[in-house]
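Chemist: Structure incoming, see below.
The values are calculated or read from the model by the stated rules, or taken from the named source; none is laboratory data. What you see is a predicted model; the values in this text were computed from it and never measured. For neighbour counting, all protein chains shown are included, and Cβ atoms are generated from backbone atoms with ideal geometry for every residue, glycine included.
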Amino acid sequence: MASASPGNDHGWSSGGTSPRPHAYDPHQQLELFRGVLTRRMIAFLIDLLVLAVPVILAVIFIAVFGVVTLGLGWALFWLVSPASVIWAIVYYGATIGGPNSATIGMRVMDLELRTWYGAPGYFVLGAVHAVCFWISVSALSPFILLIGLFNGRRRLLHDYVLGTVVINTSVRSQPAQPARTW
């Protein structure tokens with residue numbers, strides 16, 4: 001139960017630490033959010049390709065296996081849909097929860113997913129991020145991109161729900177300016 005601590009003029013307190021501030025300020029660190037929406041769309045297409053290739057190969061295998069087994073192997077087609085969902089959740093969870101905190105498409109586009117207070121992503125966050133994204137896209141179609149146009153951090157609906165932010169990492173990895181020679 002929360003209690004007011006002695007000498008605390010701010011009312012009730014949980015006795016814990018004070019709330020964390022946002023790690024990324026779009027007014028002071030504008031370069032971290034420059035081009036993020038466009039890069040996210042391209043990264044999504046790359047990730048969609050990465051996700052689709054194994055599914056397409058599995059479908060081709062099942063089709064050939066069905067021909068070889070005179071139609072018995074085609075019963076495996078019912079596994080394609082649930083396996084695709086599991087594959088997508090594991091892919092997003094493992095890549096966002098990995099050391100780069102980004103999917104393959106996000107790495108290609110120099111993007112990184114962080115929590116609003118700056119911590120890197122983890123497996124469950126990546127998996128839930130994917131599920132929330134697909135639910136929001138199913139309900140709102142591409143209109144979820146409009147939300148990103150009206151905030152400084154270029155966050156989408158599922159980013160708000162999960163407390164995440166996607167930043168442009170290319171500004172941090174630029175090489176240092178060469179020394180002047182004159």
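Chemist: Can you tell me which residues in region 60-105 are within 18 Å of the chain's Cα centre (by Cα) and loosely packed, with under 12 Cβ neighbours inside 10 Å?
Modeler: Across region 60-105, the qualifying residues are 86, 99.
Chemist: Moving on to the next point. Any residue at all in region 79-94 that is assigned to a strand (DSSP E or B) and under 23 Å from residue 32 (Cα atoms)?
Modeler: Our first condition is that a residue be assigned to a strand (DSSP E or B); within region 79-94, this holds for none.
Among the residues of region 79-94, not one is assigned to a strand (DSSP E or B) and under 23 Å from residue 32 (Cα atoms), which makes the answer no.
Chemist: Take region 120-155 and flag every residue that is β-branched (Val, Ile, Thr) and either within 18 Å of residue 47 (Cβ to Cβ) or touching a Pro at 6+ places or on another chain (Cβ under 9 Å) (or both).
Modeler: Of everything in region 120-155, those that are β-branched (Val, Ile, Thr) and either within 18 Å of residue 47 (Cβ to Cβ) or touching a Pro at 6+ places or on another chain (Cβ under 9 Å) (or both) turn out to be 128, 131, 135, 137, 144.
Chemist: Report, by residue number, each residue of region 52-78 that is part of a helix (DSSP H, G or I) and of a type in the set (Gly, Ala, Ser). Steps first, answer last, please.
Modeler: At the first step, the residues of region 52-78 found to be part of a helix (DSSP H, G or I) are 52-68, 72-78.
Of everything in region 52-78, those that are part of a helix (DSSP H, G or I) and of a type in the set (Gly, Ala, Ser) turn out to be 52, 58, 63, 66, 73, 75.
Chemist: Pairs please, first residue from region 79-108 and on the phi > 0 side of the Ramachandran plot, second anywhere and surrounded by 15 or more Cβ atoms within 10 Å (Cβ to Cβ) and of a type in the set (D, E, K, R), Cβ atoms under 7 Å, 6+ apart in sequence or on different chains.
Modeler: Sorted first by the residue in region 79-108, then by its partner, the pairs are 101/112; 101/114.
Chemist: With the structure loaded, tell me whether residue 123 is among the aromatic types (Phe, Trp, Tyr) and closer than 27 Å to residue 31 by Cβ or whether it fails that test.
Modeler: No.
Chemist: Still on this structure: Can you name the condition, by its number, that residue 123 falls short on among (1) among the aromatic types (Phe, Trp, Tyr); (2) crowded, with 17+ Cβ neighbours inside 10 Å; (3) at pLDDT 95 or above?
Modeler: (2)
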